[in-house]
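Taking it in order: structure first as structure tokens, then the write-up.
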Amino acid sequence: MRAVLVLLEQAPDSSVIIDGLGQIEPDLISNSELRARAAILLRKADDSDLADEWHMQPEANAATNVIAIDRSAVPVTNQSAHITFDDIGGLENVKKQVRRKIINPFQNKKALFDRFKRKAGGGVLMYGPPGCGKTMLARALAHECNATFLNVRAADILDQYVGNAEKKIAQMFQEARASRPVVLFFDEVEALAQKRQFESSERVNTTVSALLTEMDGFNDNDGVLFLGATNVPWSIDSAFRRPGRFDRTLFVPPPDRVARKFILSGLLKDRPVSEKLDIEHVVEKCTGFSGADLSALVDTAVDIAIEESPSVDALVPLSTNHFQEAMQEVKSSVGEWLGQARSFSEYANSSGMYDDLAAFLKKYAR
């Protein structure tokens, strides 16, 4: 049980903690200290009901001291050439869906797809506030997926001359089909897939129509998968969400408490850190921060520590005070997005597309 708790204390996502402890019968564990640690983890994962089941005695609360982090065992989460899903804090549900839709058809379950005559096609549209890991997920997928990965940028497609964008789209899909299995990643996909309206320019409408036609698979798209990322899903033409195109829409939320600790621990790896740094305090003060916000917070705290350090031989390690000062400069960047998203989840959700967003707002953004 102790080994299980050590692993769960480094979990990248609340769901991992809840699933892990939910499969164990609390009454089988007689050690009150272990029961208390499990209850603390579950409260951090926002499952108070399960935490109550694990809580053994009132005096077990004495075990609520800050648990030390073994930074040597925490994966690095900052930018790297070979990022994997394990390097990403949180987003376990999103990773699960991406594995099912994109990785499984090309790797260990390819034979099962063939046996069930299930074509590997269609795609996943990820949406959420900026800086919460959509592009990082795509980079991890590129490393983990045994397939060609093509990054499609709107700047490479859009053209001022009529007809050129359509030709580039056709050429891109021709290249993709020749490289199967292949994943086409559309970052900021709204630039290419914006809603067609009567007042839209002819260039916009014809570009959208050309992309829809190619994704539709009139030419065989078996083995061609689409991965899209956007901050503004309400700007995307609804035709892109029919089966065979972006037929699965996933909300990529800001990291929760457990994920924030995972991300911060990774960002602090190999940096001079004071033994008195209270990372739990920092995590609590960073509610609503995106992964990018957390990275900016660490960078700012580092700048303050460098300014205070006389030399390499007499450096001042990162402390709680550095982070408290950094928090005066770095604020959450997702508040404005959540405010805008709330109206769409309440008034433009007849299709159920924003159910995950609505559930998130109800739970966290009161």
(message) Among the residues that make up segment 259-267, is at least one of them aliphatic (A, V, I, L, M) and part of a loop (DSSP other than H, G, I, E, B)?
(response) no
(request) Taking the residues in segment 271-280 that are touching a residue at least 60 places away in the same chain (Cβ under 8 Å) and either buried (at least 22 other Cβ atoms within 10 Å of the Cβ) or not β-branched (Val, Ile, Thr) (or both) as candidates, determine which candidate is nearest to GLY335 (Cα to Cα). (result) GLU280
(message) Looking only at segment 311-366, filter to residues that are among the aromatic types (Phe, Trp, Tyr) and closer than 30 Å to PRO243 by Cα; which one of those is surrounded by the most Cβ atoms within 10 Å (Cβ to Cβ)?
(response) TYR354
(request) Give the residue that is nearest to PRO254 (Cα to Cα), with candidates limited to residues of segment 30-48 that are at pLDDT below 75 and assigned to a helix (DSSP H, G or I). (result) LEU34
(request) Please enumerate the residues belonging to segment 3-29 that are over 18 Å from the mean Cα position of the chain (by Cα), assigned to a helix (DSSP H, G or I) and not charged (D, E, K, R). (result) ALA3, VAL4, LEU5, VAL6, LEU7, LEU8, ILE18, GLY20, LEU21, GLY22, PRO26, LEU28
(message) Just to be sure I understand, how many residues within segment 17-37 are surrounded by fewer than 20 Cβ atoms within 10 Å (Cβ to Cβ) and within 21 Å of ILE88 (Cα to Cα)?
(response) 2
(request) Quick one: count up the residues across segment 285-312 that are closer than 20 Å to GLY131 by Cα and of a type in the set (S, T, N, Q). (result) 4
(request) Considering every residue within segment 118-125, establish whether at least one is at pLDDT 75 or above and over 30 Å from GLU336 (Cα atoms). (result) yes
(request) Determine which member of the set ASP303, ASP237 is touching a residue at least 40 places away in the same chain (Cβ under 8 Å) and not β-branched (Val, Ile, Thr). (result) ASP237
(message) Whether any residue in segment 317-331 is within 23 Å of the chain's Cα centre (by Cα) and among the small types (Gly, Ala, Ser) is what I want to check.
(response) no
(request) Could you tell me whether LEU125 is buried (at least 22 other Cβ atoms within 10 Å of the Cβ), within 26 Å of the chain's Cα centre (by Cα) and among the aliphatic types (A, V, I, L, M)? (result) yes
(request) Starting from segment 285-296, take each residue that is under 14 Å from MET327 (Cβ atoms) and list its partners that are among the charged types (D, E, K, R), counting only C-beta distances under 7 angstrom and pairs at least six apart or across chains. (result) CYS286/ARG260; PHE289/ARG260; LEU294/ARG260
(request) Consider only pairs whose beta carbons are under 6 Å apart and that are at least six residues apart or on different chains; among these, list those whose first residue lies in segment 148-165 and is under 16 Å from GLU214 (Cα atoms) and in the same structural domain as LEU227 (by TED's automatic domain parsing) and whose second residue is among the basic types (Lys, Arg) and surrounded by 11 or more Cβ atoms within 10 Å (Cβ to Cβ). (result) ILE157/LYS168
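The values are calculated or read from the model by the stated rules, or taken from the named source; none is laboratory data. Please read all numbers here as calculations on a predicted model, not as lab measurements. Positions of Cβ are backbone-derived with ideal geometry, glycine not excepted, and every protein chain shown enters the neighbour counts.
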